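Below you'll find the structure, written out as structure tokens, and then a few comments.
Please treat every number below as a calculation from the coordinates, not as lab data. Given the structure is predicted, the values throughout are model-derived calculations rather than measurements. Note that each Cβ is placed from the backbone with ideal geometry, even for glycine, and that neighbours are counted across all protein chains shown.
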Amino acid sequence: MEMEKSFYVVTFKPAYLELLRHKASRSEAPREANDETTEQRIIVAITQGGFGQDVIDDERQVKERFLEHLFFSSDIDLSRTDEVFDLYFELEPADEFVDLDQES
């Protein structure tokens, strides 16, 4: 039996973009000329939980796992809590997800 997935849109808030700029300014790597990102959004998917798990649980799990993903992908170590996520990102359920590769 295939589990269903929930899809969410994560929008980066200006506070996170500022954190990235601050981290980049401390590194020795040269900065790209067009590195002035003003808005970034990512679509994330998570397998829905079992019986008795509701949307609030899914959203909390998405927030925690996204922050964990950031640590492994970009070496930014933020506390994996709702409060920290809400400080740097916005989360909203995707209205619809269409897999263009899936055959009818």
Once residue 87 and residue 65 are pulled to full extension, the length gained, defined as 0.36 nm per residue separation minus their Cα-Cα distance, is 6.4 nm
How would you rank 58-65, 77-84, highest first, on the average number of other Cβ atoms within 10 Å across their residues?
58-65, 77-84
Could you name the lysines whose alpha carbon sits less than 24 Å from that of residue 5, not counting residues in the same chain fewer than 8 places away?
63
Amide proton proximity set for residue 76, modelled H, under 5 Å, gap of 5+:
71
Mind listing the long-range amide H neighbours of residue 89? Cut-off is under 5 Å, sequence gap 5 or more, other chains count too, H placed in the peptide plane at 1.01 Å from N.
13
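Could you rank the peptides 86-92, 96-102, 68-74, 17-23 by their average count of other C-beta atoms within 10 Å per residue, with the highest value first? Intermediate results must be reported in sequence, preceding the final value.
On the way: 86-92: 15.3, 96-102: 6.0, 68-74: 11.9, 17-23: 13.4.
The packing order, highest mean first, is 86-92, 17-23, 68-74, 96-102.
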